[in-house]
Each structure stands twice: as structure tokens, then as C-alpha cells.
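The values are calculated or read from the model by the stated rules, or taken from the named source; none is laboratory data. Keep in mind the model is a prediction, meaning the values are calculated, not measured. As a convention, Cβ positions derive from the backbone with ideal geometry for all residues, glycine included, and neighbour counts pool all protein chains shown. Ligands, DNA and RNA are excluded from the accessible area calculation, which covers all protein heavy atoms including side chains. Shrake-Rupley method; radii C 1.70, N 1.55, O 1.52, S 1.80 Å.
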Amino acid sequence: MKPKYFDREAHPLERLLDQLAITRGDLQALAGRKAVIEALAVPDAPLSPKLTEWLESVGINLEKFNAQLERYWSRVKRRNGGESEIL
């Protein structure tokens, strides 16, 4: 099911990519395509080890990043009327 509202620009990973001026394709080459897709599109998906390693290497506090992800997905779910499945 397609979400009614899917604010991709508000996703914490998308914001980070914009700040670092790299593309999703660049990140997919570093961390793996599946890892990036899951991080961007699957609520509550665990971050892959390679993606976690990359985030730490660019100075991201994982605890804060995970909290931002939780807030992002809760907003998306709330806007979608509480639907548990986003995609």
C-alpha cells in the first residue's frame, strides 16, 4: 500500500545525504542497496552493520539518529491514519 503522505525529504537519512552532498546511489555503493532501501522505506528496520559503520564514520551519534528515525516513522504512521504498514 502506498502511503498517503511520505515526506522523503524529512527522513533523517535523506537530510544527512543532502548535508553531505552525496546521492543515495553513492551510499548504496558504500553500504549496499538493500541496506539503504530498508533504512529509507521500512519502519523499524534495523540499520545494517555497513550503514551503521558509515554513519559512525561521518560523525553521526547513532542513538540520536535512531531517535530521529523513530519520530519520523511515528509521524508518517500518524498521518496515514495509524496504518501499521507503510509500503
Counting only protein heavy atoms with a 1.4 Å probe and every protein chain in place, the carbon and sulfur fraction of the accessible surface of the chain in whole percent equals 50
Within segment 21-43: backbone nitrogen closer than 12 Å to the R8 label point (7 Å, Cα to C-beta): 24-25, 37, 40-41
Using only Cα atoms, tell me the angle between helix 62-79 and the longest principal axis of the chain; keep it within 0 to 90° and round to the nearest 10. 20
On average, how much accessible surface per residue is there in the chain, in Å², for a 1.4 Å probe, leaving out ligands, DNA and RNA? 64
Report the Stokes-Einstein translational diffusion coefficient (µm² s⁻¹, integer) for the chain, Rh taken as the Kirkwood radius over Cα pairs, at 20 °C with viscosity 1.002 mPa s. 161
What length, rounded to one decimal in nm, is gained on full extension from E38 through to R24, with 0.36 nm per residue of separation minus their alpha-carbon distance? 3.8 nm
Leaving ligands, DNA and RNA out of it, rank S74, S48, S57 by accessible area with a 1.4 Å probe, largest first. S57, S74, S48
